[in-house]
Each structure stands twice: as structure tokens, then as C-alpha cells.
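The values are calculated or read from the model by the stated rules, or taken from the named source; none is laboratory data. Here the structure is a predicted model, which means the values were calculated and not measured. Quick reminder, even Gly has a Cβ in these numbers, built from the backbone with ideal geometry, and neighbours come from all protein chains shown. SASA here: full protein model, heavy atoms, side chains in, ligands and nucleic acids out. Shrake-Rupley method; radii C 1.70, N 1.55, O 1.52, S 1.80 Å.
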Amino acid sequence: MQQKNTNQRYKPMTSILFGSRWLQLPLYLGLIIAQCVYVFHFMVELAHLVEKVPHLGESDIMLIVLGLIDVVMISNLLIMVIVGGYETFVSRLDLAGHPDEPDWLSHVNANLLKIKLATAIIGISSIHLLKTFINAPNLDEKTMLWQTLIHMAFVASAVAMAYIDRLMSPHVGTRNVSDH
């Protein structure tokens, strides 16, 4: 009986704390608006490419296309944060059986989301670095060196996060102490 009285006393606080997760909803809606901005930006840049293609050299076309790829990768990153973050921290999306359900969504958690975000950031950084190398004649060595070092910091951070995640997660095939 004592346990039930204690639970009842803390129920309003528990409800408030658990319900506070819905405060993140406007943040995810804001990211959807940011996604719309990226779609608009992509379409404007694509129109510029098509309009200017007769007057562009191969390296200029490649730089513009890499910019478009960059926008797509950032957009993919936004989707991962919006869908994965909402599913992990706010509420289930209940997409079971939906033909368009992403494979990764069925087993998403905060650690998996961090690793996916880190690898997406490395991909975006790689595109920026490739653009830098293609445009190398127009840039100074210091800029290229810093961009390379920043990219390597992203790679090292992602590897460290994946390693820590692996250390913290139970390994498949290991025996549990309670199994003895």
C-alpha cells in the first residue's frame, strides 16, 4: 500500500517530465521548414546550371553539381534528424508495414542516430573537400590545409564515437555472467 501512495504522489511530476518531450515538436517542424528552404535552393541552383550550361567548362559544371550533391546530402541529414529524432525522443511514428519505411528506422536509438549523423557529416565534408581540391588553383594552401584538417577531425570523431558505441553495447556471441 505504501508503494501505491508513493507512486500516486509522484504521478503529476512524472507526467510533466515525460510530457515535456513534446516541446521538441516545434524544433522538428522548424527543421521541416529548413528542408523546404534547401529544396528551394536546390531548384534555383539547378535552374542556374541548366541556364548556364552552354557557357560552362567541365570543372565549373562539376563544382555546381557537387554543390547540388552537397544540398542533397544536407537534406538527407535533415531527414535523419527529423524522423530519427522524433521517433527516438518524442513519439513512435507507427510505420510498421509501410512500404516506404526506412530500414534503419526499425532499430533507431540515440547512439545509432549519432553514428549515422557523424557519417553523414563526413560525407558532406568530403564533398566540400572535393570541391576545394577541384578549385585548388584558386585557393591558397592554408585554406586547403585547414579544410583537410577539419575533415580529418570529423573522421576521427566519427571513428571515436563508433568505437565508444561498440564498447558500450553488448557484443553478440558473448556469454552473460547470469547464464552460468
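Among the residues of this structure, ALA158 does not count as one that is assigned to a helix (DSSP H, G or I), touching a residue at least 40 places away in the same chain (Cβ under 8 Å), out of contact with any Asp or Glu (no Cβ under 9 Å at 6 or more places or on another chain) and within 24 Å of PRO26 (Cα to Cα). Out of all the residues in the range 82-105, is one or more at pLDDT below 85 and among the small types (Gly, Ala, Ser)? Yes, there is a match, as at least one residue in the range 82-105 is at pLDDT below 85 and among the small types (Gly, Ala, Ser). All conditions but one from (1) touching a residue at least 24 places away in the same chain (Cβ under 8 Å); (2) in contact with a helix residue (DSSP H, G or I) (Cβ under 7 Å, 6 or more places away or on another chain) apply to VAL83; the one that does not is (1). Among the conditions (1) under 9 Å from the mean Cα position of the chain (by Cα); (2) open to solvent by less than 60 Å² (accessible area, probe 1.4 Å), ILE121 misses just one, which is (2).
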